[in-house]
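Down below is the structure, laid out as structure tokens.
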Amino acid sequence: QVHLVESGGGLVQAGGSLRLSCAASGSIVSINTMGWYRQAPGKQRELVATITRGGSTNSADSVKGRFTISRDNAKNTVYLQMNSLKPEDTAVYYCNAGVTYRDYVVSRYLEVWGQGTLVTVSS
């Protein structure tokens, strides 16, 4: 199986920065698109940013110019650098990845989610 483990969340004042990391582990053959999503209290989960294996990125308008997604394919890790944080960025941030993994003699594809990491931005 495959697991995603996030780290880097915490409490920060408005205008501050945080860097989230998400590392994938398991019998990984390859990882396609990786991304970050967030869910604020009482709201639906929403896309923050995604990055393909080749490095093409996509991000929500609300974070453009403030958040940067990147990845290290050798480490099976995706990062989210968050600058100029606002109170409305407060949410649980989830990592997501499309992973091809070995299951005995076959390869399978699975979309995997991390457990989430809380980011709280105080005003």
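The values are calculated or read from the model by the stated rules, or taken from the named source; none is laboratory data. Since the structure is predicted, the reported quantities are computational estimates derived from the model, not experimental observations. Cβ sites come from the backbone with ideal geometry, for glycine too, and all protein chains shown count toward neighbours. Heavy atoms of the whole protein, side chains included, go into the accessibility calculation; ligands, DNA and RNA do not. Shrake-Rupley method; radii C 1.70, N 1.55, O 1.52, S 1.80 Å.
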Percent of Cα-Cα distances greater than 17 Å, calculated over the stretch 35-79:
36 percent
Approximate spin-label separation Thr52-Gln115, in nm, with each point projected 7 Å along Cα-to-Cβ:
3.3 nm
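Please report, as a whole percent, how much of the solvent-accessible surface of the stretch 1-52 comes from carbon and sulfur atoms (probe radius 1.4 Å).
Carbon with sulfur: 48 percent of the solvent-accessible area.
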On the full set of protein chains, 1.4 Å probe, figure out the accessible area of Arg45 and give it in Å² to the nearest 10.
100 Å²
May I ask you to derive the relative contact order of the chain, considering only C-alpha pairs under 8 Å and at least 6 residues apart, and to give it as an integer percent?
36 percent
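Is there a quick way to get the dipole size of the chain? I mean about its Cα centre, with the Cβ of Lys and Arg at +1 and of Asp and Glu at -1; what is the value in debye to the nearest 20? Mind dumping the intermediate values first?
Details: 12 positive and 8 negative charges, 27 e Å.
Dipole size: approximately 140 debye.
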Tell me the carbon and sulfur percent of the accessible area for the stretch 62-123, rounded to whole percent, probe radius 1.4 Å.
50 percent
When every protein chain stays in place and a 1.4 Å probe is rolled, Trp113, Trp36 sorted by accessible area with the largest first are Trp113, Trp36
If you plug each phi of the stretch 15-26 into the Karplus form 6.51 cos²θ - 1.76 cosθ + 1.60 with θ = phi - 60°, what whole-Hz ³J(HN,Hα) values come out, in order, with x for Gly and Pro?
x, x, 10, 9, 10, 9, 10, 9, 10, 9, 9, x
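Compute the Cα gyration tensor for the stretch 56-101, then decide on rounded, prolate or oblate, letting a ≥ b ≥ c be the square roots of its eigenvalues: rounded whenever a/c is under 1.5, prolate when a/b is larger than b/c in the other cases, and oblate in all that remain.
Details: a/c = 2.27, a/b = 1.88, b/c = 1.20.
Cα axes put the stretch 56-101 in the prolate bin.
What number in nm² do you get for the chain if you take the convex hull of its Cα atoms and divide its surface by four?
Values: hull surface 29.0 nm².
It is 7.2 nm².
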Between the stretch 66-91 and the stretch 5-48, what is the separation of their alpha carbon centroids in Å?
7 Å
Averaged per residue, what accessible surface does the chain expose to a 1.4 Å probe, in Å²?
53 Å²
Contour excess over end-to-end distance, with Cα ends at Ala60 and Arg108 and 0.36 nm allotted per residue
14.3 nm
Under a plain spin-label model, where a point goes 7 Å from the Cα along Cα-to-Cβ, how far apart in nm are Arg45 and Lys86?
2.4 nm
The answer for trypsin sites (Lys or Arg not before Pro) in the stretch 57-123 that fall in a DSSP coil and have at most 12 neighbouring Cβ atoms within 10 Å is Lys64
